[in-house]
Amino acid sequence: MTDLFQEPADATPLDPSERDELKQSWITHRRDLNEAEQANIVSGAVWARRRRDTRIASLLTEDFARELHRRMFNDVWAWAGTYRMTPRNIGIEAYRIPLELPSLFDDVRYWVEHETYAPDEIALRLHHRLVSIHPFPNGNGRHARLMADLLIERLGRASFSWGGGGLAEVGTLRRAYIDALQAGDRHDIAPLLAFARS
């Protein structure tokens, strides 16, 4: 793909006003955008893992989720860390985002405190619901995967392998991931549990 804003068919397209908020003028091809975003994501992950506050409760907040997204994408996009204002091909209505995220984080804190599910399942249910809410203009899957990794690490387990490859490009690995998410939409979390540790 050389068109800068050409997304895979199963990805979230950006609104034209969101495209205008690309910060780096040197980014002219899709591979440039992917490289810039990946470098920024690594920086965001390092920031998250170096935080002094390692309590699970500090991870499961709107402020943390927004700041993590900002740090993952702020070198590339001006809208990093802000909730989307436009409709998407998946996700809830934009006005519901500030209501649904706190509810999700309350649920996850309850699941952890009461050991409602096994640790992997808790982290992957967090991931699935974050993707379902789709709070940001873009980067929701990558953000949700890092949130799940951070939670599972705080629960004393290894981070997920997510199929062991890159999920940004069209291919069988991305298709397996999307299929697992769609199974979760049908209340079957087992494929996502299997994929995340494959």
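The values are calculated or read from the model by the stated rules, or taken from the named source; none is laboratory data. The structure presented is a predicted model; accordingly, all values stated were derived computationally and were not measured. No Cβ is skipped: glycine too gets one built from the backbone with ideal geometry, and neighbour counts run over all protein chains shown.
On the given criteria, is residue 54 under 13 Å from residue 134 (Cα atoms) and either among the β-branched types (Val, Ile, Thr) or not in a helix (DSSP H, G or I) (or both)? Considered against the rule, which asks whether it is under 13 Å from residue 134 (Cα atoms) and either among the β-branched types (Val, Ile, Thr) or not in a helix (DSSP H, G or I) (or both), residue 54 comes out as no.
In region 44-55, which residues are over 15 Å from the mean Cα position of the chain (by Cα), surrounded by 11 or more Cβ atoms within 10 Å (Cβ to Cβ) and either at pLDDT below 90 or within 19 Å of residue 80 (Cβ to Cβ) (or both)?
The answer is 47, 49, 51.
Residue count for region 179-194 satisfying the condition of being surrounded by fewer than 17 Cβ atoms within 10 Å (Cβ to Cβ) and not small (Gly, Ala, Ser): 6. With respect to being closer than 23 Å to residue 181 by Cβ, in contact with a Phe, Trp or Tyr (Cβ under 8 Å, 6 or more places away or on another chain), among the charged types (D, E, K, R) and at pLDDT 95 or above, residue 84 fits the description. Checking 132, 161 one by one, the residue that is buried (at least 17 other Cβ atoms within 10 Å of the Cβ), touching a residue at least 24 places away in the same chain (Cβ under 8 Å) and among the small types (Gly, Ala, Ser) is 132 and no other. When residue 67 is tested against (1) touching a residue at least 40 places away in the same chain (Cβ under 8 Å); (2) closer than 19 Å to residue 150 by Cβ, just one condition goes unmet, and that condition is (1).
Screening residue 197 with (1) buried (at least 18 other Cβ atoms within 10 Å of the Cβ); (2) touching a Phe, Trp or Tyr at 6+ places or on another chain (Cβ under 9 Å); (3) basic (Lys, Arg) gives one miss only, at (1).
Residue under question is residue 63, and the condition is that it be modelled with pLDDT under 95 and in a helix (DSSP H, G or I); does it hold? Here the answer is no, as residue 63 does not meet what is asked.
Restricting region 143-198 to residues that are at pLDDT 95 or above, touching a Leu at 6+ places or on another chain (Cβ under 9 Å) and among the basic types (Lys, Arg), the residue that is farthest from residue 67 (Cα to Cα) is 154.
For beta carbons closer than 7 Å, sequence separation of 6+ or different chains, a first residue in region 173-198 that is in a helix (DSSP H, G or I) and a second that is of a type in the set (Ser, Thr, Tyr), the qualifying pairs are 195/177. Only a single criterion out of (1) on the phi < 0 side of the Ramachandran plot; (2) under 16 Å from the mean Cα position of the chain (by Cα); (3) surrounded by fewer than 21 Cβ atoms within 10 Å (Cβ to Cβ); (4) outside any helix (DSSP H, G or I) is not satisfied by residue 138, namely (3).
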